[in-house]
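The values are calculated or read from the model by the stated rules, or taken from the named source; none is laboratory data. These numbers come from a predicted model, not from an experiment. With ideal geometry, Cβ positions are generated from the backbone for all residues, glycine too; neighbour counts draw on all protein chains shown.
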Amino acid sequence: MLGFDAHPAISLEKTFAHFRQLFETYGLPNRVRTDNGVPFASNVLARLSQLSVCFIKLGIYPEMIEPGKPQQNGVHERMHRTLKQDATIPPAGSLRAQHRKFDRFRE
């Protein structure tokens, strides 16, 4: 896992800013594989979200798994399960404390 960023609500601007920081640090990937949840996918034609369009404009291919097929992204789904157990349930009392929990998990 390259990075975590805690926010009180889903935000395209904050999410893309975090990705931009990761891209500056690690370089642009050829593709980003995601599930079909917000902010990576939508219910519009081709399931492209605003974030996916931002990726395309950077030359990154947004690769989405089939809806209802989490096994297609098994390693990532397993990481999410461990992340929830170790760092989000229960959530920390503040964003700063939640960032510390994420940092410990990432290490």
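When you look at Asn30, is it touching a strand residue (DSSP E or B) at 6+ places or on another chain (Cβ under 9 Å), surrounded by 15 or more Cβ atoms within 10 Å (Cβ to Cβ) and more than 21 Å from Ser11 (Cα to Cα), yes or no? Judged against the criteria, Asn30 is not a match. Residues of the stretch 51-76 that are among the charged types (D, E, K, R) and either assigned to a loop (DSSP other than H, G, I, E, B) or in contact (Cβ under 8 Å) with a residue 12 or more places away in the chain (or both): Glu63, Glu66, Lys69. State whether one or more residues within the stretch 33-50 are in contact with a Lys or Arg (Cβ under 8 Å, 6 or more places away or on another chain) and touching a residue at least 24 places away in the same chain (Cβ under 8 Å). Checked the stretch 33-50: at least one residue is in contact with a Lys or Arg (Cβ under 8 Å, 6 or more places away or on another chain) and touching a residue at least 24 places away in the same chain (Cβ under 8 Å). If you check Phe102, Phe16 for being in contact with a Cys (Cβ under 9 Å, 6 or more places away or on another chain) and either assigned to a helix (DSSP H, G or I) or at pLDDT below 85 (or both), only one passes: Phe16.
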